[in-house]
Amino acid sequence: MREVAPKNPLQILLILLVLAYAAALIIAPIYAISDGAIERGWQPIKDTLQDDGVQHALRITFEFSIIATLLNTFFGVIIAWVLARQRFYGRTLVNALVDIPFVFSPVIAGYTMIVLFGRNGWLEPTTFAIVFAYPGIILAKTFVALPFVSREVGPVLESLPIEPEEAAYTLGASRWGTFWRIVMPGIWVGVIYGVVLTLARSLGEFGAVAVVSGGIEGKTETATMYVYRALHDRNRIGAYSVSLVLGAVSVLILLVMSLLKWRLDRQRG
Amino acid sequence: MTIRLDHLVKKYGRQTVVNDVSLEIEQGELFVLLGASGSGKSTILRIIAGLTSLDSGSVQLNGRDVTRLSPQQRDTGFVFQNYSLFRHLNAAANIEFGLKVRKAPRKERQERVAELLRLIGLDGLGGRMPAQLSGGQQQRVALARALAPNPSVLLLDEPFGALDVKIRGQLRHSLREIQQQLQITTILVTHDQEEAFELADRIGIIERGVLLEVGTPAQLYRRPKHLYTANFLGTANVLNARRNGKTVYVDQVSLPAPSETEHLQNQAVHLVCRPEEIDLALEREQVSGSLIGRGRISNITFAGSLERATVQLIDVSAAKPLHVLLSPEKVRSLGAIPGQEVFVGIQDFHLLPFQEN
Amino acid sequence: MKTPKTLLILALLLSLIAFGVPTQAQDQPETVTITLAAYAVPREAYEDVIPAFQAYWQEKTGQAVIVQESYQASGAQSRAVAGGFEADIVALSVESDVTRLVDAGLITHDWKANYNGFVTNSVVVLATREGNPLEIEDWGDLAGDVEVITPDPATSGGAQWNILAVYGAARRGFVEGYAADDEGATEFLTKLLKNVVVFDRDGRESILTFEYGIGDVAITYENEIYAGEAAGSTYSVVYPTSTILIENPIAVVDAYVDEHGTREVAEAFVAFAQSAEAQRIFVENGFRPVNEDVIAEVATDEELAEKFPKIEDLFTIEEFGGWSVVRKELFGDEGRFTALIAEVAGE
């Protein structure tokens with residue numbers, strides 16, 4: 001347990017500043033959205049959320065975000081492990097490449113996907129469509145959130161000594177077994193944060209998805225695209241209601257993951 | 001032959017960290033690889049375990065060529081300097097790990113864990129997490145973990161390096177006992193010559209990736225084949241000399257040549273002599289060993305049971321000051337004070353071929 | 001470490017199950033599906049046009065039509081279709097966005113055969129605050145001490161109409177104090193652009209910005225005014241003496257209808273959108289018609305004539321030599337307006 005030291009005025013001022021900053025940037029918008037949504041009572045919200053198009057948009061948004069998160073978690077952990085534990089030519093390059101989705105504008109990422117997989121693209125698929133179809137949306141969501149898991153796990157992994165892994169090898173454990181039984185327990189917290197960030201980012205993705213999805217209502221329109229269109233159509237309640245659902249789910253994810261982390265910490269003693 | 005290393009070579013870029021090392025170790029032997037840090041001794045250990053690849057050469061364990069095998073297939077137990085326990089598993093689970101990997105039956109695993117906990121003197125502490133154990137206890141668990149699957153070879157990389165002096169002594173003792181009880185072929189890497197002397201059946205001296213020489217502790221101390229060994233193991237006084245006939249000439253002083261140095265006939269040599277083999281006396285006749293002339297005491301320091309003196313030779317020009325160990329009785333009889341002139345005798349010495357530096 | 005592993009697997013299974021459920025009934029022979037890729041503004045109108053078409057087609061052929069709708073900014077929509085978004089029909093804001101698809105080889109027929117390829121018209125107008133407190137009467141007032149809102153022609157194809165309206169009106173001598181030539185028009189446009197406080201991404205965003213209380217006057221389109229008023233917004237609209245006629249194209253995308261086997265129904269949809277029945281729906285939604293019968297109806301109906309007042313000096317894109325010239329020489333990468341806007345925005 002940390003001791004709570006008596007605070008001097010400067011500390012109190014700093015704490016107030018942080019609280020005010022958080023209030024202005026986080027709480028105020030949430031309040032505004034909630035307020036905007038229930039402006040005319042619950043009925044319009046219910047109507048919005050019962051709309052087939054909205055339900056479909058929410059469903060594909062959640063499903064595809066989960067798929068994107070699973071992909072990014074799996075590959076992100078592997079990327080982090082390879083970068084932290086393997087020495088090979090081009091490692092620095094790969095390390096830099098992982099961050100590209102952070103510095104790339106999502107819209108440009110979307111157009112790049114069209115150039116690659118679209119009509120007359122270099123990698124245009126022949127049997128099924130990628131862009132302007134579900135795979136494109138999943139790919140876009142995956143791309144924009146790609147660095148989170150590896151960037152959360154990487155430093156944790158770097159801080160872990162390599163000897164326990166080597167000890168496991170000499171004790172006969174395979175690479176996969178060592179990874180799962182020795183490495184993973186050490187990086188769970190990083191993975192959890194990575195998953196939270198990845199999922200939140202995938203859920204909220206707009207720019208890249210808007211470019212590659214085609215935005216067909218009730219088909220390839222995601223929740224964020226619906227929000228954007230609803231605002232365009234002066235349907236503020238629709239926009240706020242769906243925003244509220246997205247926000248609530250993000251908060252829920254955060255809570256569940258925090259709970260999981262808390263349990264892990266307690267297990268560890 | 002339990003371990004046989006043939007011409008091991010390992011390079012990192014242009015630097016050769018292991019240079020043509022060959023070695024044979026007998027069943028049940030406790031072999032110590034001794035060298036300064038960065039000498040490549042740990043790399044050799046890691047090559048044996050398969051944790052570091054090698055550029056050329058071969059490793060045989062129990063007559064089986066394991067050079068191309070993964071660490072998992074080599075059947076070695078490895079103990080690291082920093083304990084390296086699995087932080088999320090308790091002591092018992094750490095020890096059990098290798099057995100679980102081998103899918104040993106549950107009952108067998110439990111029995112083996114209990115047996116090992118007893119062996120390392122941590123009976124009843126199996127439920128503790130690593131963070132709840134002291135450094136010494138953690139290293140005991142690490143030893144038990146390495147021993148659990150009954151490896152054919154035990155490899156220890158500076159296992160006591162992170163512990164304080166007292167615990168280190170206790171652990172050395174335990175290790176020696178356990179090793180003798182189990183008769184497991186063991187290689188221990190250390191930079192601590194005291195540790196090497198205490199534990200080793202044989203010692204191998206490593207310098208800059210080269211295995212200089214191998215021998216029992218006494219052989220290496222008294223009759224080293226290399227000047228490096230002489231200097232690395234304890235303190236050595238080294239004088240430039242020349243062997244002619246049955247005589248060794250140190251400047252103008254002549255001493256009888258040891259018979260086993262016949263091969264250095266008519267050569268410039270180093271005369272190597274341990275501090276405890278030098279005698280000082282006030283009268284020429286009282287000196288034991290071969291007289292090397294007069295000297296002047298320049299410094300005396302208290303060193304516990306013995307006192308350490310430095311003596312500058314007067315009759316030998318260009319000689320470095322000699323390090324001498326004196327008993328309290330000797331100091332009293334000499335009435336030794338800095339500046340005093342004494343006669344210097346050498347009781348036992350050894351010749352090595354001359355080399356620059 | 002059982003829990004996280006199990007969770008992960010569970011999540012994977014759930015998502016796969018959910019993903020595997022078909023999201024839409026497969027097309028039966030008596031059903032045909034077409035995709036309409038339109039710009040964002042006429043969405044409300046198409047919500048009425050589409051059911052009317054579905055009823056018409058069902059009656060005519062006995063076949064049910066499912067129309068999948070996608071609404072995005074005109075330029076973005078055009079690029080998406082060019083990049084492989086397989087829309088059967090495009091309804092866009094500016095002709096040049098259709099030309100892009102012709103250039104891409106996706107539209108191969110003479111899409112300008114009927115009504116010159118257009119489906120709706122409108123005019124560039126000014127929206128001021130209710131009661132027009134600054135007494136803005138015409139283009140000339142926009143160069144004074146006012147804050148102007150107009151979308152960014154770099155991202156919004158439709159925004160180019162506004163620039164053309166301003167420039168054209170000045171060059172035709174309808175802005176006092178500026179020479180009726182390229183030089184005078186450029187001078188006026190520069191002055192006006194300096195008063196622009198927000199360049200939004202598209203026309204709808206621009207008028208929404210104005211509704212949120214920013215700016216004194218918004219350069220917008222007549223149909224946007226009616227759409228806003230239908231949603232409860234209030235502005236005072238000002239019709240400039242001289243302005244440009246906005247012409248919105250519609251076209252069947254040959255490459256995709258042939259791939260989907262939907263040419264017949266797609267062509268019928270376009271023809272229907274230009275028919276009197278659909279044109280009346282567009283008129284209701286604030287668009288000016290292209291169909292000659294409906295144009296005549298509007299001219300004779302007192303209420304409708306007031307809804308779409310006659311503009312004293314109405315010019316078209318031909319004033320500038322057509323879209324191919326405009327696209328290249330004015331709004332292209334090295335176009336005159338592109339450079340001018342970059343210069344003004346850079347200050």
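The values are calculated or read from the model by the stated rules, or taken from the named source; none is laboratory data. Since the structure is predicted, the reported quantities are computational estimates derived from the model, not experimental observations. Here the Cβ positions follow ideal geometry from the backbone for every residue, glycine too, while neighbour counts run over all protein chains shown. Remember, those area values only see protein heavy atoms, side chains included, never the ligands or the DNA or RNA. Shrake-Rupley method; radii C 1.70, N 1.55, O 1.52, S 1.80 Å.
Figures for the structure shown
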read-out	value
Cα centroid separation - segment B:257-307 against segment C:282-314, whole Å	124
Additional length obtainable on full extension of the chain from A:A24 to A:R266, 0.36 nm per residue less Cα span	83.7 nm
Segment A:224-262 residues near the modelled A:E39 label - backbone nitrogen below 17 Å, point 7 Å along Cα→Cβ	A:227-245
Probe 1.4 Å, protein heavy atoms only - accessible area per residue of segment A:42-268 in square angstrom	44
Mean separation of Cα contacts under 8 Å (6+ apart) over length of chain B, as relative contact order %	16
Residue-by-residue Karplus 3J(HN,Hα) for segment B:37-43, coefficients 6.51, -1.76, 1.60, Hz, glycine and proline x	5, x, 7, x, 5, 5, 4
Test item: B:95-102 mean partner chain Cβ contacts at 10 Å	4
Geometric extent, Cα atoms of segment B:32-161 - Rg, Dmax (angstrom)	15.5, 46
By average C-beta atoms within 10 angstrom, highest first, the peptides B:235-243, B:137-145, A:84-92, C:106-114	B:137-145, B:235-243, C:106-114, A:84-92
Residues of segment C:159-276: accessible area per residue with a 1.4 Å probe, Å²	34
Bins of 20 Å, starting at 0 and running to the largest distance - Cα pair percent for chain B	26, 45, 25, 4
Rg ratio (alpha-carbon, reference 2.2 N^0.38 Å) - segment A:42-268	1.16
Difference of contour (0.36 nm per residue) and Cα-Cα distance, A:Y31 to A:T92	17.6 nm
Carbon and sulfur %, accessible surface of segment B:283-357 computed with the full protein complex present, 1.4 Å	50
Within-10-Å neighbourhood charge of B:K10 [Cβ basis; K, R +1; D, E -1]	+1
Average other protein chain Cβ within 10 Å of Cβ, residues A:157-165	4
Fraction of antiparallel bridges per DSSP, the protein assembly as shown only, in percent to nearest 5	70
Chain pair C, A: total accessible area buried, heavy atoms, 1.4 Å probe, Å²	3300
Solvent-accessible area, 1.4 Å probe, carbon plus sulfur percent, for segment A:42-268	68
Value of relative contact order over segment A:42-268, rounded to a whole percent, pairs C-alpha under 8 Å and six or more apart	31
Segment C:66-158: equivalent-ellipsoid semi-axes (sqrt of 5 x gyration tensor eigenvalues, Cα, Å)	35, 15, 13
Heavy-atom accessible area per residue - chain B, 1.4 Å, Å²	46
Chain B - mean residue ellipticity at 222 nm from DSSP helices (-39,500 (n - 2.57) per run, n ≥ 4, rounded to 500)	-7500 deg cm²/dmol
The protein assembly as shown: C-alpha pair distances exceeding 38 Å, %	65
Euclidean distance between Cα centres, segment C:63-127 to segment B:311-357, Å	105
Average beta carbon contacts from partner chains per residue of A:229-240, 10 Å cutoff	3
Packing rank of A:145-157, C:286-298, where each peptide gets the mean count of other beta carbons within 10 Å, highest leading	A:145-157, C:286-298
Surface accessible to a 1.4 Å probe, C:Y239 within the full protein complex, Å²	60
Segment B:101-169 - percent of accessible surface contributed by carbon and sulfur, probe 1.4 Å	49
Accessible surface buried once B binds A (1.4 Å probe; total of both sides; Å²)	1700
Rounded Å value of the spacing that divides the Cα centres of segment A:80-132 and segment B:171-186	56
